[in-house]
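Note sheet for the following structure.
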Amino acid sequence: MRTQEIGRRARELAERTADTRLAERATQVGEASLETRLMANYRDTSEHEAFSLLYELTHQNIHQLVSRWSRGANRAIDTDDIVQEVFLAIYRYPTGFRDTDHRAFAKWSYSIVRNTTLRHLRSTGASALTTEALCETVADPDRPSPLADLVDKEEHALGKRLWFLFVAAYQQSFLRLSERERLAIRMTYDEGRPDDEVSSALGVKPESLKMIVWRAHRKILHEIAA
């Protein structure tokens, strides 16, 4: 069964990284505590297997959340683009995660999904989210994940390979950005500098900086999708 396979891989990861807290949760597939421990492991070790397992466990839930939040828009929104950007943020900026309780990943990723979806809606000129969508709360992470219904092991193995191909393509696309675009992304996200400092260093207005970063991300996503 797929849950047994995920549990086995999680136990192997816990043993390899000497993560006793992950080892305690490795059999709890579908529970929020395992997602939280996997995210903490990825943050602390940069292990690709930790990120891969996290992706497999949470991808469908995050995709469904993005779809619910964007369904009230008056323009077509590419939910796959948003989901990719959400996981890209998780992949690139794990140090922002704090495992304060067993539901920490559900809460943290919920904020990333919300902010990313709203940014896409604003950038495309779409209308605000519906009241119903805004009132949606994150699904109870303690109940079995809908991913449990997707028992085809081969499909998930393919999804894992495709994800790492996506990350590799992102890195190559990033190198093809202009020097100003690369600096804007590095200073804003990798170094965490405030917008006014970054815009001053690049010689642009703060509002122009936001457009530079947004366009750079769009260039990367469009190149990957081409």
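Readers should treat all values here as calculations from the given coordinates under stated rules, not as data from a laboratory. In this text the structure is predicted, and so the values were computed from the model without any measurement. Glycine also receives a Cβ, built like all others from the backbone with ideal geometry; neighbour counts cover every protein chain displayed.
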Length released on extending from A169 to R8, taking residue separation times 0.36 nm less the Cα-Cα span: 55.0 nm
Centre separation in Å (Cα based) which lies between segment 80-125 and segment 37-64: 13 Å
Virtual spin-label span in nm between D78 and E24, 7 Å along Cα→Cβ: 4.3 nm
Cα coordinate range in segment 176-225, projected on the principal axes (Å, largest first): 32, 19, 14
